[in-house]
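Here is the structure we will look at.
The values are calculated or read from the model by the stated rules, or taken from the named source; none is laboratory data. This structure is a prediction, so every number in the text was calculated from the model and none was measured. Virtual Cβ from ideal backbone geometry, glycine too; neighbours counted across all protein chains shown. The area values use the complete protein model at the heavy-atom level, side chains included, leaving out ligands, DNA and RNA. Shrake-Rupley method; radii C 1.70, N 1.55, O 1.52, S 1.80 Å.
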2 protein chains.
Amino acid sequence: MSADCHHEDGSHPGLAGETLRRAIGLAETRCMTSQERLTAPRRRVLELLLESDAPMKAYDLIAAFGQSGEPAKPPTVYRALEFLERLGFAHRIESLNAYVPCRLDGAGHKAAFLICECCGAAEEFEPDFSTQLAAAAARGYAVSGVTLEARGLCPACR
Amino acid sequence: MSADCHHEDGSHPGLAGETLRRAIGLAETRCMTSQERLTAPRRRVLELLLESDAPMKAYDLIAAFGQSGEPAKPPTVYRALEFLERLGFAHRIESLNAYVPCRLDGAGHKAAFLICECCGAAEEFEPDFSTQLAAAAARGYAVSGVTLEARGLCPACR
DNA sequence: GATGTTATGTTATCTCATAACAGAAGTGTT
DNA sequence: AACACTTCTGTTATGAGATAACATAACATC
């Protein structure tokens, strides 16, 4: 994100109130059905991601973790992120070293982002990797996960 | 790369001798025509990348930099990598924190890799991003660069 | 040969992430 | 209930990756 960008990122406003509660409730349900546990630290990290307007760095999560200002220890947050990624509730954006909640239901182990170099917005979009998967198959590769990160300017910043 | 993989990565054998010299000569030429300078540290880092069979970490490059075993200082190597990326001579693989020489001529600011989770090979392939670029355009994004990283098993490791 | 620009050398520090081990909490048995 | 088993958490310490800041050197060009 450039330092002198004054645009707002309108693409993914953070959740709050009832909307937030429902998103977390949905995660609870999905954990139930897959015999996984949405424990307190995992729930807290998911909540922080959902509340945020923008991708969050791990140490942002660490700093914001405690209700009354006490930070978490790094492993607490990294473990929660690992869990959330494994269940598809969050994605890591490699080129930012940052994390976002999954905005698309059931994207599985594929993710695609449009990242604005001006305002820092990271918009997730439905990835169609058929071309690339065909190229991989032609080379004999068995692909288990794909990520795509496109950098540029969002409509507001152009 | 899994610790117990005994396969060889055959996809990108490191260059040596005449082949290596020609690859570097090509880079020299391309620098000339674009009014850029392939200075000693830049040339050295490119050489190390070209000689390697596999993606190299920045601190691998730092350790291998000196002819007689003396490491480089980190900024020396990071600056060279920045230059090589800018000119399209090298790519950073975000999900590995590692670097490879560009294997495709004139790929510009787009790159696509098949990364073997067993042997660590990273094969660059010709990216066709037409689908994703159309999706980006539909959202009003002006895309300046795209990277794709597909993880899985290479033919030898399957 | 003075000036502006680009690149390098050097020190220190910052950000990002994980290893290792002890303890607590849930689950299923007998 | 007592037990073993597994999963998750707490805590300390450290490893890995990258950059800020400033001084010096090399090149260009006028």
> Along the three principal axes, how long is the protein assembly as shown when you take its alpha carbons, biggest first, rounded to the nearest angstrom?
Replying inline: 66, 47, 41
> Under a 1.4 angstrom probe, counting protein chains only, how are A:52, A:130, A:68 ranked by accessible area, largest first?
Replying inline: A:68, A:130, A:52
> Do any trypsin sites (Lys or Arg not before Pro) in region A:11-70 lie in a DSSP loop with no more than 15 other beta carbon atoms within 10 Å, and if so, which?
Replying inline: A:37
> Projected area of region A:52-114, taken from the Cα convex hull and averaged over every viewing direction, in nm²?
Replying inline: 4.6
>> Under 5 Å between amide hydrogens, which residues at least 5 positions from residue B:112 or on another chain qualify, with H placed 1.01 Å from N in the peptide plane?
In response: B:125, B:148
> Quick one: of the DSSP bridges fully inside chain B, what percent are antiparallel, nearest 5?
Replying inline: 55
> Given N residues in region B:17-152, what is Rg(Cα) / (2.2 N^0.38 Å)?
Replying inline: 1.12
> Between A and B, which A residue has the Cβ nearest their rotation axis, distance in Å?
Replying inline: A:94, 2
> What are the extents of the Cα atoms of region B:89-137 along their three principal axes, listed from largest to smallest and rounded to whole Å?
Replying inline: 35, 22, 16
> Counting partner chain Cβ atoms within 10 Å of every residue's Cβ in A:83-92, what's the average?
Replying inline: 0
> In nm, one decimal, shortest first: how far is the label point of residue B:78 (7 Å from Cα along Cα to beta carbon) from the matching points in the other copies?
Replying inline: 1.9
>> Once the label point is set 7 Å along the Cα-to-beta-carbon vector, what list of distances in nm do you get between residue A:63 and its counterparts in the other copies?
In response: 3.3
>> List the residues, sorted by chain then number, that are 5 or more residues from residue B:90 or on another chain and whose placed amide H is less than 5 Å from its amide H.
In response: B:85, B:102
> Near the amide H of residue B:141, under 5 Å away, which other amide H atoms are found, from residues 5 or more places off or on another chain, if H is placed in the peptide plane?
Replying inline: none
> Got a sec to turn the phi values of region B:32-38 into Karplus ³J(HN,Hα) couplings, 6.51 cos²θ - 1.76 cosθ + 1.60 with θ = phi - 60°, whole Hz, x for Gly and Pro?
Replying inline: 3, 5, 10, 6, 10, 10, 8
> From the label point of residue A:41, set 7 Å along Cα to the beta carbon, how far off in nm is each other copy's matching point, shortest first?
Replying inline: 3.9
> For residue A:73 and residue A:30 in one chain, what is 0.36 nm times their gap in residues minus the Cα-Cα distance, to one decimal in nm?
Replying inline: 12.8 nm
>> Straight-line reach only, C-alpha to C-alpha below 22 angstrom: list the lysines that residue A:73 could link to, leaving out same-chain residues fewer than 8 apart.
In response: A:57
> How large is ³J(HN,Hα) for each residue in region A:87-94, as worked out from phi by the Karplus curve 6.51 cos²θ - 1.76 cosθ + 1.60 (θ = phi - 60°), to whole Hz, x for Gly and Pro?
Replying inline: 8, x, 8, 8, 10, 9, 9, 4
>> Can you compute the label reach from residue B:51? Point 7 Å from Cα along the Cβ direction, backbone N cut-off under 20 Å, restricted to region B:15-40.
In response: B:15-28, B:38-40
